[in-house]
Amino acid sequence: MEIHQHTNRLIHETSPYLLQHAHNPVDWFPWGEEALEKAKKENKPVLVSIGYAACHWCHVMERESFENEETANLMNQYFVNIKIDREERPDIDHIYMDAVQAMTGSGGWPLNVFLTPDGRPFYGGTYFPPVRAFNRSSWREILEAIHTAYSEKKDEIEDQANKLTEHLTTSNAFGIAATEKYEGSFAENTLIEIATNLLKTADTTWGGFGAAPKFPQTFSIQFLLRHYHFTKDEKNLQQALLSLDKMIYGGIYDQVGGGFARYSTDEKWLAPHFEKMLYDNALLMSVLAEAFQLTGNDLYSNIIHHTMQFIQREMMNEEGGFYSALDADSEGVEGKFYTWSKAEVYDVLGAADAQTFCEFYGITENGNWEHTNILWVQKPIQQFAAEKQIGETELRNLLEASRLILLERRGKRVRPMLDDKISLGWNALMNIACCKAYAATGLAAYKDIAIKNSIFLEASFLDVSTGIWFHTHKNGISKYPAFLDDYAYMASAYIHLQEITGNSEYLQKAKKLAQIAEENFLDESSGFFFFTSKTQKDVIVRKKEVYDGATPSGNSTMAINLNYLGIIFNELKWIDQARKMAQQLADVVTRYPSSFANWACLLQQFIYGVPEIAITGDKALDLLSEVMREYIPIKVIQAATFSQETFPLLAGKSFQGPPSIYVCKNYSCKKPIQNVKEIKSLLI
């Protein structure tokens, strides 16, 4: 049994990130009244340090500073120290990240923020080294300077804290304009301008958008796929597919085990930050499903299958819940679990197969990254096979057999830490991905996983007596009231579950979530939603998040939900609310589409209109799966084997005889058809 010299209050938490710090000599508190009351009583500033379990630089700062006795003594003497898992408390993270970005112009994790005892921020930054480096003061210098300033210049600190808090409050309105100002923005020219502005930032050589570090930007890719679908403008399709292809071929994709890392540190997608997040894999699978539907290219379906194998193998529990993340580090070294020496590959595969394998994946004696090798596909398999005069099927078989051998060998290594807490919102995103993967590929296992996951989420996160959901779950314990993103993503998951199953109960559940959001999160004055519920009292400001970042904003997702549910239930107020939300942001969406790409997809709905598809008859569910295989990116769809008059789209339809497909707009339907292939002509 391991003996620890120090143990602090974090030992009683369930978060893997907080537990990582439970034996630091720092007297860490979790966020809560105990810490803030101590700060007020002792008149000490509060240090809030925020990170997450898979964060590489969080581990570095812990080793360098938080495990150091002398540094910890300074922290304990001068401050009340609070550790926060940003994935458990994204609401607090949003507030103090905005404050640090306002102060410094940048942000990231670890996030270290100094607060007054009542929680107002006055100074902060990200990673601080133990000695002066990278043009940064050392952590101890920062601690001493803040202590001196708080002791001798309290008025100045109070003034800074007041200004920052005021900024956090007023920044809630950024980008939200008066509705009437942009009533003319619902025109096709708006979408062309959005696409043009997106492509201005595109890397036409290596895919993606902007310079390194590169993030997947899945909603930008999704918008371009859909824009091509509606306009047939090839350059949009080319950039979207180039981005997906280069990520698939790159080191950001785990060529041996499947799954995507969080982002690439270079423009070529070669060297990732190796942590694997659930949400990235969910969003990438969702957009790959659309790419496969649009192009029929088996590359995309293969990557979906490969990634799903990884998710089931490493990120899913027996009850159907999905874990949050895998660490970037193992044995204290970033990427060690995923990289290879040429000698080890030869040892495992044998010389003949290893030579071909190493050539295909760019494995060299000296390595392609920090004296080791990240597997990286530099030529499509067809081109490589032709150049090497190897049969393509023979090459595929060799590479697949070799991959499985390496996967088995890698399984004997020390594994990266698993962040095994389960997040409602991220699970909902993966649920959506499973639904879209089933729709695109027809593989029933994905539908089964989505259904099983929804049952687990309801059992673990939902308080049936109140209808209120929780945000995280671990070791049988559910914690923290759910945030807007949780409700928005879960409602979207229910909508997608209904689309692939025809079960209208999912629509009723989605409607209930939208009603809870309206009651507890809506800001009546703007029509947008706060990130936190009106019942939550432990934050200094209720933020309204509208940016689509690594995940889509809760506001954009909820607006899409409201438009869909408004059509399904004939709730015109919801359609009008979604329209007004889109109108108020239309200007910033057009000018900065990479930060508002999910909103851009909502604008597509209002500009092109949403077709309504009803499938009826005793074989309706069989026909439903055929329709879902088609690329119809904007639609409302219901399938039923019996009459359901409560739904306007199903009312008055025939359920006798062979199954029929009705294509409608505003519940006015064209003549029913029986052949799925005819549906595209009716959508024009």
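Coordinate-derived values only; no laboratory data. Given the structure is predicted, the values throughout are model-derived calculations rather than measurements. Here the Cβ positions follow ideal geometry from the backbone for every residue, glycine too, while neighbour counts run over all protein chains shown.
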C-alpha center-to-center spacing [the stretch 90-122, the stretch 285-299] in angstrom: 39 Å
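Excluding Ser15 itself, what net charge comes from residues whose Cβ is under 11 Å from its Cβ, given Lys and Arg +1 and Asp and Glu -1?
Values: positive: Lys83, Arg86, Arg89, Lys421, Lys474, Lys479; negative: Glu13, Asp85, Glu87, Glu88, Asp419, Asp420.
That sum, taken over residues with Cβ under 11 Å, equals 0.
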Across the chain: Cys residues that no other cysteine approaches within a C-beta distance under 4.7 Å: Cys358, Cys434, Cys435, Cys601
Nearest-20 debye value, the chain charge dipole, Cβ charges on Lys, Arg, Asp, Glu: 1360 debye
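Using mean Cβ contacts within 10 Å as the protection proxy, how do 299-307, 46-54 order, highest first? Mind showing how you got there, number by number?
Values: 299-307: 20.7, 46-54: 25.2.
Taking the mean over residues of other Cβ atoms within 10 Å, the ranking is 46-54, 299-307.
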Mean residue ellipticity (222 nm) of the chain, computed from DSSP H runs ≥ 4 via -39,500 (n - 2.57), nearest 500: -15500 deg cm²/dmol
Relative contact order (percent, whole number), the chain, Cα cutoff 8 Å, 6+ residue spacing: 11 percent
Highest-first arrangement of 126-135, 601-610, where packing means the average Cβ count within 10 Å: 601-610, 126-135
Which listed pairs, of Lys452/Lys671; Lys83/Lys479; Lys436/Lys534; Lys41/Lys83; Lys573/Lys635, have C-alpha distances above 25 Å, in listed order: Lys452/Lys671; Lys436/Lys534
Anchor Lys379: lysines whose Cα lies under 28 Å away (excluding residues fewer than 8 positions away in-chain): Lys200, Lys214, Lys232, Lys235, Lys246, Lys268, Lys276, Lys336, Lys342, Lys388
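Does the stretch 9-173 come out rounded, prolate or oblate by the C-alpha gyration tensor, with a ≥ b ≥ c the root eigenvalues, rounded set by a/c under 1.5 and, if not, prolate when a/b is larger than b/c and oblate if not? Let's see the in-between values first.
Details: a/c = 1.27, a/b = 1.19, b/c = 1.06.
Because its axes are fairly even, with a/c under 1.5, the stretch 9-173 counts as rounded.
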Per-selection metrics, the stretch 243-302 (Cα): Rg and Dmax in Å: 11.2, 31
Scattering curve values for the chain, log₁₀ I(q)/I(0), Debye with Cα scatterers, q = 0.11 Å⁻¹: -1.21
Distance from the stretch 568-631 to the stretch 339-401 (C-alpha centre basis), Å: 44 Å
Aspartates and glutamates with Cα under 18 Å of Lys665, excluding same-chain neighbours fewer than 8 positions away: Glu499, Glu571, Asp576, Glu612, Glu645, Glu678
The stretch 430-487 and the stretch 49-88: distance between their alpha carbon centers, rounded to Å: 32 Å
